[in-house]
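The values are calculated or read from the model by the stated rules, or taken from the named source; none is laboratory data. Worth saying up front: this structure is predicted, and the values here are computed from it rather than measured. Glycine also receives a Cβ, built like all others from the backbone with ideal geometry; neighbour counts cover every protein chain displayed. SASA here: full protein model, heavy atoms, side chains in, ligands and nucleic acids out. Shrake-Rupley method; radii C 1.70, N 1.55, O 1.52, S 1.80 Å.
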Amino acid sequence: MAFRALRTLARPAAAAAAPRVAAAPAAAPLRQFHATPRAFVSVGDAIPDLDVLVEDSPGNKVNLGKELGSGSGKGEGLIIGVPAAFSGACSTTHVPGYINHPKLKGAGKVFVVSVNDPFVMKAWSEQLDPGKKSGIRFVGDPTGEFTKALDLGFDAYAIFGGVRSKRYALVVENGKVKSVHVEPDNTGTSVSLAEKVLG
């Protein structure tokens, strides 16, 4: 076994005599405080042009930016976001309120969006709107990309096992958001109900 000899390096006399001074700690970056909530989709924003939503099957992509854009005919519509298909408030209050609202036909193209797969959304639509009589289309956002693009996701791991969509309604005109109705507590039913949005 080989041993290496340790060498002591001699310091120059001037350096040895100089007192050592501790270096000042680096300045911590300034943290800014904001009293306003984080911004999400707002009036005037364009609907995201993404081919990530699916209707009835994984191969049937839906792009709401194109569906509700100015070149899509009437260019008016409504996007209803829900935390989960088959959940209590979504199935008994929120979505049925739109299905049964007398002003639904004048709202243009209407979509229900949830961070779910297309099979769950199809089964849910068949339960709530047999025969698709209302004209509302149920689309899944399986990876949550559309929801993330709107900045309308929230941490729902404790209940739903992952990030889910806040409950909301967006009135859209010519591909841009005309009015925003997002529940302040993410899942409640106060500002996004049909009677508040459609009148």
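Scanning segment 61-72 for any residue that is assigned to a strand (DSSP E or B), open to solvent by less than 40 Å² (accessible area, probe 1.4 Å) and either among the hydrophobic types (A, V, I, L, M, F, W, C) or over 16 Å from Leu170 (Cα atoms) (or both) turns up at least one such residue.
Of all residue pairs spaced 6 or more apart or on separate chains, those with beta-carbon atoms under 7 Å, a first member in segment 89-118 that is farther than 16 Å from Ser134 by Cβ and aliphatic (A, V, I, L, M) and a second member that is at pLDDT 95 or above and outside any helix (DSSP H, G or I) are Val115/Asp141. If the condition is being outside any loop (DSSP other than H, G, I, E, B) and more than 18 Å from the chain's Cα centre (by Cα), then segment 179-199 contributes Ala194, Glu195, Lys196, Val197.
Restricting the search to segment 131-178, which residues are β-branched (Val, Ile, Thr) and in a strand (DSSP E or B)? First the steps, then the outcome.
If we filter segment 131-178 for residues that are β-branched (Val, Ile, Thr), which is where we start, we get 136, 139, 143, 147, 159, 163, 171-172, 177.
If the condition is that a residue be β-branched (Val, Ile, Thr) and in a strand (DSSP E or B), then Val139, Val163, Val171, Val172, Val177 are the ones that fit.
Here is a yes/no grid of residues against (1) without any contact (Cβ under 8 Å) to a residue 24 or more places away in the chain; (2) out of contact with any strand residue (DSSP E or B) (no Cβ under 6 Å at 6 or more places or on another chain); (3) open to solvent by less than 70 Å² (accessible area, probe 1.4 Å); (4) more than 29 Å from Gly59 (Cβ to Cβ):
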{"position": "Val177", "(1), (2), (3), (4)": "no, no, yes, no"}
{"position": "Glu183", "(1), (2), (3), (4)": "yes, yes, yes, yes"}
{"position": "Asn186", "(1), (2), (3), (4)": "no, no, yes, yes"}
{"position": "Ser190", "(1), (2), (3), (4)": "yes, yes, yes, yes"}
{"position": "Leu198", "(1), (2), (3), (4)": "no, yes, yes, yes"}
